[in-house]
Amino acid sequence: MLRSLARPARTLAVASSSSRAFATSHARRSGIPSLHTFTDEEQMLRETVSKFAQDVVGPKVREMDENEQMDPSVIQGCFEQGLMGIETSADHGGAECSFTSAIIAIEELAKVDPSVSVMVDVHNTLVNTVFRTYGTPEQRDKWLPQLAESKLGSFCLSEPASGSDAFALQTRAVKDGDDWIINGSKMWITNSYEAEVFLIFANIDPSKGYKGITCFIATKDMGIQIAKKEQKLGIRASSTCTLNFDDMRVPAANVIGGEGKGYKIAIEILNEGRIGIAAQMLGLAQGAFDRAVPYTFERKQFGQAVGTFQGMAFQQARAAIDLESARLLTYNAARLKEEGRPFTREAAMAKYWASVVAQSVSGQAIEWAGGVGFTRETGIEKYWRDSKIGAIYEGTSNIQLQTIAKFIQKQYS
């Protein structure tokens, strides 16, 4: 469906003066839109993804969570809807939409199931972006159509001894004629159970430290071994596996971005990916809020709806403020990225705060629904379980705070 929205150029449409309502005449003259201003394309995408999430993903959420397995029909549905190549060019089978469009899709999916959301997130903001940004024309022509139409991608950076210190990785690659031989292992790899295309980071010259890190394109049939599929607290339907590589042979043509450039790829791509995780956490929090709040006006105690008691009403008001602040941080980071402006600090802020809000709002949502919220039947408790990962992956909350602190120190010291 999204492919029908593809266009030659991705520009933010400025709404006509009749459709904008600003507080002052100066604002009306400026033509500067709010962070809640979206192109027709972006708004249409939001509505389409929301419907897909409700109608197709929603009925399968509990079963996928209980089975800890992504339903193949959901993965196929994401491809059929064009959600696996949102920014990919039309020439490569994608929708050729904006980065904010990808963020909107991730947010809308997370309102229903954060597991499906992160699958789409990693595939788009990490895997596809690496190919679009660093791939040669030949690599883009070969891999992007497959990633847009049928093959799930996985981003393989973390290792048992290389988490927050991502560049301490131990996976090695040694040149052998026209091939590279890769040995090592990866841990906590999203999408890895179902994926067919993998971006693997390995060091080709440990004497150079992180400057030896190189990114390789591999397929499962090259010898990628799934050593363990993790059993997790949350996002259970999203596969997270340990991968082993034993003398795995990869063609030299599958080096992407150049030898020794893997560290640069990882740094830049993860900054973008953090906006995706912020969107996932934002959608999760909104989903929990939307599920729990209506119940508080149906449930009556002491002759009135429990949501009308001041104690609960104020909690919901504060949660709404937190949601809006997380939303604005996330949208701002996305727009900055689109405009080609620095966004590392803003991405860290968005990812950190959206993760905090997700845990807070989803936890309160359980309490607002009382005993019913504590049961698996309503699905509210799942949002809280899913929320915890936001403070951990793609840079822990402490890493985000460290990043923000460095900007402060640079500015004021």
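With ALA313, ALA334, ALA391, ALA326 as the choices, which residue is under 21 Å from ASP121 (Cβ atoms) and out of contact with any Phe, Trp or Tyr (no Cβ under 8 Å at 6 or more places or on another chain)?
Working: ALA313 fails: under 21 Å from ASP121 (Cβ atoms); ALA334 fails: out of contact with any Phe, Trp or Tyr (no Cβ under 8 Å at 6 or more places or on another chain); ALA326 fails: out of contact with any Phe, Trp or Tyr (no Cβ under 8 Å at 6 or more places or on another chain).
Within the list ALA313, ALA334, ALA391, ALA326, the selection yields ALA391.
This table checks each residue for (1) open to solvent by 50 Å² or more (accessible area, probe 1.4 Å); (2) of a type in the set (Val, Ile, Thr); (3) farther than 30 Å from TRP384 by Cα.
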residue: ASP176; (1), (2), (3): yes, no, yes
residue: THR190; (1), (2), (3): no, yes, no
residue: GLU194; (1), (2), (3): no, no, no
residue: GLY212; (1), (2), (3): no, no, yes
residue: ALA218; (1), (2), (3): no, no, yes
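So ASN124 ticks every box in (1) more than 17 Å from LEU144 (Cβ to Cβ); (2) in contact (Cβ under 8 Å) with a residue 60 or more places away in the chain; (3) part of a helix (DSSP H, G or I) but one. Which box is left unticked?
Of the numbered conditions (1) more than 17 Å from LEU144 (Cβ to Cβ); (2) in contact (Cβ under 8 Å) with a residue 60 or more places away in the chain; (3) part of a helix (DSSP H, G or I), the odd one out for ASN124 is (1).
Looking at PHE131, PHE201 in this structure, which one is open to solvent by less than 30 Å² (accessible area, probe 1.4 Å), modelled with pLDDT of 95 or more and outside any helix (DSSP H, G or I)?
Details: PHE131 fails: outside any helix (DSSP H, G or I).
On inspection, the qualifying residue turns out to be PHE201.
Can you confirm whether segment 267-275 contains a residue that is open to solvent by 70 Å² or more (accessible area, probe 1.4 Å) and farther than 27 Å from ALA166 by Cβ?
Let us first name the residues in segment 267-275 that are open to solvent by 70 Å² or more (accessible area, probe 1.4 Å), namely 267-268.
Narrowing further to those that are farther than 27 Å from ALA166 by Cβ: none.
No, every residue in segment 267-275 fails to be open to solvent by 70 Å² or more (accessible area, probe 1.4 Å) and farther than 27 Å from ALA166 by Cβ.
Are any of the residues in segment 296-305 modelled with pLDDT of 95 or more, hydrophobic (A, V, I, L, M, F, W, C) and either under 23 Å from LEU35 (Cβ atoms) or surrounded by 17 or more Cβ atoms within 10 Å (Cβ to Cβ) (or both)?
No; the residues of segment 296-305 include none that is modelled with pLDDT of 95 or more, hydrophobic (A, V, I, L, M, F, W, C) and either under 23 Å from LEU35 (Cβ atoms) or surrounded by 17 or more Cβ atoms within 10 Å (Cβ to Cβ) (or both).
Where in segment 48-112 are there helices (runs of 4 or more DSSP H), lying fully within it, with 3 or more residues that are open to solvent by less than 10 Å² (accessible area, probe 1.4 Å)? Write out each step before concluding.
On the way: elements: 61-67, 72-80, 99-112.
Those helices (runs of 4 or more DSSP H) span 72-80, 99-112.
Which members of segment 366-380 meet the condition of being open to solvent by 30 Å² or more (accessible area, probe 1.4 Å), in contact with a helix residue (DSSP H, G or I) (Cβ under 9 Å, 6 or more places away or on another chain) and either not in a helix (DSSP H, G or I) or not charged (D, E, K, R) (or both)?
Going residue by residue through segment 366-380, those that are open to solvent by 30 Å² or more (accessible area, probe 1.4 Å) are 367, 370-372, 374-378.
After this cut, where a residue has to be in contact with a helix residue (DSSP H, G or I) (Cβ under 9 Å, 6 or more places away or on another chain) as well, the list is 367, 370, 372, 374-378.
Residues satisfying the conditions are GLY370, VAL372, PHE374, THR375, ARG376, GLU377, THR378.
Somewhere in segment 341-354, is a residue modelled with pLDDT of 95 or more, assigned to a helix (DSSP H, G or I) and over 17 Å from GLU394 (Cα atoms)? Walk me through how you get there before you give the answer.
First, pick out the residues of segment 341-354 that are modelled with pLDDT of 95 or more: 341-354.
Okay, now just the ones that are also assigned to a helix (DSSP H, G or I), so 344-354.
Imposing the further condition that a residue be over 17 Å from GLU394 (Cα atoms) reduces the set to none.
Looking for residues that are modelled with pLDDT of 95 or more, assigned to a helix (DSSP H, G or I) and over 17 Å from GLU394 (Cα atoms), one finds none in segment 341-354, hence no.
From the list TYR331, TYR383, exactly one residue is open to solvent by less than 80 Å² (accessible area, probe 1.4 Å) and touching a His at 6+ places or on another chain (Cβ under 8 Å). Which is it? Show your work before the answer.
Working: TYR383 fails: touching a His at 6+ places or on another chain (Cβ under 8 Å).
After applying the criteria, what remains is TYR331.
Looking at segment 169-183, I want the residues that are at positive phi and have a partner that is part of a strand (DSSP E or B) and open to solvent by 10 Å² or more (accessible area, probe 1.4 Å) with Cβ atoms under 9 Å, at least 6 apart or on another chain. Which pairs are those?
none
The values are calculated or read from the model by the stated rules, or taken from the named source; none is laboratory data. As the structure is a computational prediction, the values presented were derived from the model and not from experiment. For neighbour counting, all protein chains shown are included, and Cβ atoms are generated from backbone atoms with ideal geometry for every residue, glycine included. Heavy atoms of the whole protein, side chains included, go into the accessibility calculation; ligands, DNA and RNA do not. Shrake-Rupley method; radii C 1.70, N 1.55, O 1.52, S 1.80 Å.
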